[in-house]
Amino acid sequence: MRGWLVVLDHPYAAVTGADGTFTIPEVPPGSYTLALWHETLGRTERRVTVPPGATVSIDFTLPPPGR
């Protein structure tokens with residue numbers, strides 16, 4: 001059995017669904033670093049700017065296992 005715990009100092013986090021999508025609602029406008037972590041594929045980051053009143057879509061591609 002394995003378990004992972006992620007501790008953050010803010011409420012803006014999500015767990016992906018079975019199809020890999022996620023939503024983080026009510027993010028205030030501004031520029032952020034969005035980090036994605038996978039237990040075997042590692043971590044990647046992407047800068048994102050959220051305009052006032054807008055919805056932003058971000059695509060991540062992680063390397064296949066073993067690379």
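Structure summary
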{"item": "Those residues of region 1-38 which are closer than 15 Å to F60 by Cβ and not aliphatic (A, V, I, L, M), in sequence order", "result": "T16, G17, D19, G20, T21, F22, T23, Y32, T33, W37, H38"}
{"item": "Checklist (1) of a type in the set (S, T, Y); (2) part of a strand (DSSP E or B); (3) at pLDDT below 90 applied to T61, failing item", "result": "(2)"}
{"item": "Cβ-Cβ under 9 Å pairs, at least 6 apart or on other chains, region 16-37 side on the phi > 0 side of the Ramachandran plot, far side open to solvent by 50 Å² or more (accessible area, probe 1.4 Å)", "result": "E26/P11; E26/Y12; G30/T49"}
{"item": "Failed condition for I24, given (1) modelled with pLDDT of 90 or more; (2) open to solvent by 60 Å² or more (accessible area, probe 1.4 Å); (3) assigned to a loop (DSSP other than H, G, I, E, B)", "result": "(2)"}
{"item": "Criterion (among the polar types (S, T, N, Q) and open to solvent by 50 Å² or more (accessible area, probe 1.4 Å)) met by exactly one of T33, T44", "result": "T33"}
{"item": "Residue within region 48-62 that is open to solvent by less than 70 Å² (accessible area, probe 1.4 Å) and within 26 Å of M1 (Cβ to Cβ) present", "result": "yes"}
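The values are calculated or read from the model by the stated rules, or taken from the named source; none is laboratory data. Computed from a prediction, not measured in an experiment: that's the story for all the values here. Neighbour counts run over all protein chains shown; Cβ positions are idealised from the backbone, glycine included. All accessible areas refer to the heavy atoms of the entire protein, side chains included, with ligands and DNA or RNA removed. Shrake-Rupley method; radii C 1.70, N 1.55, O 1.52, S 1.80 Å.
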